[in-house]
Amino acid sequence: MSEKGFVTRLVGKNRIEILEKPVPEVKEDGMLVEVGLAGVCGTDIHIIENADRPEWSGGLPFTLGHEVCGRVAKMGKKAQEGLYCDEKLVEGDRIAFYAFLPCGNCWWERRFGPDHNLLCTQPKPGYFMNPDTWPHFTSGWGEYLYIHPGSWVWKAPAGMSYEEIVLTEPFSMGIRAVAKATALPAWKNLDMMSFGGTAAVLGAGAIGVLTAVAAKIAGAGLVILVGGPRKNLEIAKQIGAADVFIDIDGTSPAERIEQVRKLSRRCRRRRGLRRRWRASAFMEGLDMVRKEGTYVELGCLIDDGRTVPLNVSQHIVQKDLTLYGVTNQPAHDFTKALACMKHFKNRFAFPRVVTDVFALRDYEKAIAKAKDPREKGIKIALKGKGYGR
C-alpha cells in the first residue's frame, strides 16, 4: 500500500507528537482496522503526566489509546484462526478490541490463565509500540490499528454505534468492580448490594457512570453517584445511571459523607462502594462505608507518588471492611459489556456517555479538555479513519 495515515506518539512528560506513517501491508495472520473511536482514558492522562518517571521514560516513545473500536478494513487469509473471537469476521464488520498480548508462559498465567487478568509480567510486543517501527499503528490514537494473532476481538452487535462500542473497555471495568463487590463470602451475602442494596460511586467520568449502570444491572436498589462537574451529573441523570446525584462542587466532604450515610441507613442494606476518582477521595470513600461494608478501588493504576493517611484500625479493621483493588479487567468482561449494552439499550442511554468527539489532529484539545475539572465531559474520544463508516 502507498496510502499513509496519522498516528500519535508520547515522547516525554506532557509531550505528544503526531506522525504520518505508511499503512502496513497485512500479513497472512494479521488484520487491519480503521479506527472508529478511541477513548481518552484517565489512565492515558496519568501516563502522559508521569512519563518522566522511570517506569515509563525507559520505554519512550510509544503510542497510547486502549479504548478502541473500529471497522475491519483488511484481513489476512489466516487471521480468523489466530484470534480469540466467537464470531466469523468479514471486512466491513465493526469490532471491539482488547489491547494486550499475554506471553502465556509466565508464573501468573500458568497459575491463573492468560484470560484472567493483565497479570502477565512479560507481554508479547505488538501494541503501544514506537510508531517508527512496523506496523506503526499499534494503539487507538491513530487512524488505523494493526491487530496481531493471539488478540481478543469482538464483532459488535448489528446497529451498535461507535459511541457505544468504544464504551466496551470502560464499561467492562465497571462490571469488574461490581463483580468483585458481589463476590463475597456466604455469610456476607445475607445483606449485600444485589437484590435491592445500596451502592455509592465516587466519580462522574465514564468509568464512574458506567460502574453505576453496572450496579443497577446487578440488582442494586439505590445507586448514589457522587462527582462533578454538574453538567456531567445532569447527563448521567438523563442516561439513567443512578438514583441520587451529589455534586462535589456544592457540598463539603463532611456533607457528602453524611448524605451517603443517611441514605444507606434508610435503605437498611449493606452498601458496596466503588469509585473512579482522584486519590484524595479514597479516604472520603472509606468514611462513607458502614460496618461490614464493601469498598472497591479502581482508577489509581498509575503511581504518581501521592499517598494518603490511613488509620488501619479505624477505617478497615473496626468496620470489618471488605476492601478490593481493581487494576483492570479480564477479556471476558468485554463480552459482558457488549451484551449489557445490547440488552439494556432501551433502559440506559449509552451513546450519551460519549460527550465529546475530536478529530485526531485535535488531540491536544481533547487532552486539555480531559484535564479540565470544570469543562471535562464524561467520555472524550478521538476519531479515526473508520468514523462514520
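The values are calculated or read from the model by the stated rules, or taken from the named source; none is laboratory data. This is a predicted model, so every value here is computed, not measured. Ideal geometry is used to build each Cβ from the backbone, glycine not excepted, and the neighbour counts take in all protein chains shown. Accessible surface areas use protein heavy atoms only, side chains included; no ligands, DNA or RNA. Shrake-Rupley method; radii C 1.70, N 1.55, O 1.52, S 1.80 Å.
If you take the residues in segment 90-124 that are within 17 Å of the chain's Cα centre (by Cα) and of a type in the set (Phe, Trp, Tyr), which one is surrounded by the most Cβ atoms within 10 Å (Cβ to Cβ)?
If we take residues in segment 90-124 being within 17 Å of the chain's Cα centre (by Cα) and of a type in the set (Phe, Trp, Tyr), then Phe97 is surrounded by the most Cβ atoms within 10 Å (Cβ to Cβ).
Kindly list, by first and then second residue, each pair from a residue in segment 170-187 that is modelled with pLDDT of 90 or more to a residue that is buried (at least 24 other Cβ atoms within 10 Å of the Cβ) and in a loop (DSSP other than H, G, I, E, B), limited to pairs with Cβ atoms under 6 Å and residues at least 6 apart or on different chains.
Taking only residues 6 or more apart or on different chains, the pairs are Ser172/Gln329; Met173/Gln329; Arg176/Gln329.
Name the residue, out of Tyr146, Tyr162, Tyr127, that is within 19 Å of Glu67 (Cβ to Cβ) and open to solvent by 20 Å² or more (accessible area, probe 1.4 Å).
So the residue among Tyr146, Tyr162, Tyr127 that is within 19 Å of Glu67 (Cβ to Cβ) and open to solvent by 20 Å² or more (accessible area, probe 1.4 Å) is Tyr127.
Can you tell me how many residues within segment 279-314 are open to solvent by 40 Å² or more (accessible area, probe 1.4 Å), modelled with pLDDT of 85 or more, hydrophobic (A, V, I, L, M, F, W, C) and within 24 Å of Ser252 (Cβ to Cβ)?
So the answer is 2.
Which condition does Val357 not pass, out of (1) open to solvent by less than 30 Å² (accessible area, probe 1.4 Å); (2) of a type in the set (Val, Ile, Thr); (3) within 25 Å of Val7 (Cα to Cα); (4) out of contact with any helix residue (DSSP H, G or I) (no Cβ under 6 Å at 6 or more places or on another chain), if it passes all the others?
Unmet condition: (1).
Can you pull out every residue in segment 330-351 that is among the charged types (D, E, K, R) and surrounded by fewer than 18 Cβ atoms within 10 Å (Cβ to Cβ)?
Lys342, Lys345, Arg347
Select, from Glu17, Glu67, the only residue that is loosely packed, with under 14 Cβ neighbours inside 10 Å and at negative phi.
Glu17
Take segment 44-61 and flag every residue that is open to solvent by 20 Å² or more (accessible area, probe 1.4 Å) and not in a loop (DSSP other than H, G, I, E, B).
His46, Glu49, Pro54, Glu55, Trp56, Ser57
Output the helices (runs of 4 or more DSSP H) that fall wholly within segment 147-226 and possess 2 or more residues being among the small types (Gly, Ala, Ser), or say none.
168-182, 206-217
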